Amino acid sequence: MTDLSLNGRRILVVEDEYLVADELHMELERIGATVIGPVASLADAIAIIAATPHIDGAVLDGNLKGEMVFPAADQLLDRGIPIVFVSGYDALAIPERFRQAPRCDKPVGVRRIIETLKRALELV
């Protein structure tokens, strides 16, 4: 079994589906992460990124109530913060500049998201 501890890591969760955000939040906290958010809109994501000096990684829903999350992803990558996209969109919908970022296709379980996040943070 894989150790899923993210003890002490500060993880931003940007997800507009309440049940997904809540489950991810609870599971991340259970394995020791400090969850930033979750936030459900692009404006809130941008605001929290600007206001939070230390973020270790982020899980980003691709589409937030009709707005694509890419401006927030740009801000995170500009700061060198690893991101994981969680999206129902085809890989071709992701702009070229983000094609190296790990991606989980919806529907996806929380355990898979966390395993992908750990790889992005180079914890595996």
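Numerical summary
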| read-out | value |
| --- | --- |
| Total charge dipole magnitude, the stretch 5-58, about the Cα centre, Cβ charges on Lys, Arg, Asp, Glu only, Debye to nearest 20 | 320 |
| Theoretical ellipticity at 222 nm over the chain - DSSP helices of four or more residues, -39500 (n - 2.57) apiece, nearest 500 | -10500 deg cm²/dmol |
| Sparse-neighbourhood loop sites, trypsin sites (Lys or Arg not before Pro) in the stretch 9-98 - DSSP loop, at most 13 other Cβ within 10 angstrom | Lys65, Arg79 |
| Average Cα contact separation per residue, the chain, under 8 Å, 6 or more apart, as relative contact order % | 23 |
| Three-way shape label, the stretch 66-124, alpha-carbon gyration tensor, a/c 1.5 | oblate |
| Cα centroid of the stretch 46-80 to Cα centroid of the stretch 1-41, whole Å | 14 |
| Cα centre as origin, Lys/Arg/Asp/Glu Cβ charges: the chain dipole, Debye | 320 |
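Every read-out reported here was derived from the displayed coordinates using simple, explicitly stated rules and does not represent laboratory data. Keep in mind that this is a model prediction, so the values were computed, not measured. As a convention, Cβ positions derive from the backbone with ideal geometry for all residues, glycine included, and neighbour counts pool all protein chains shown.
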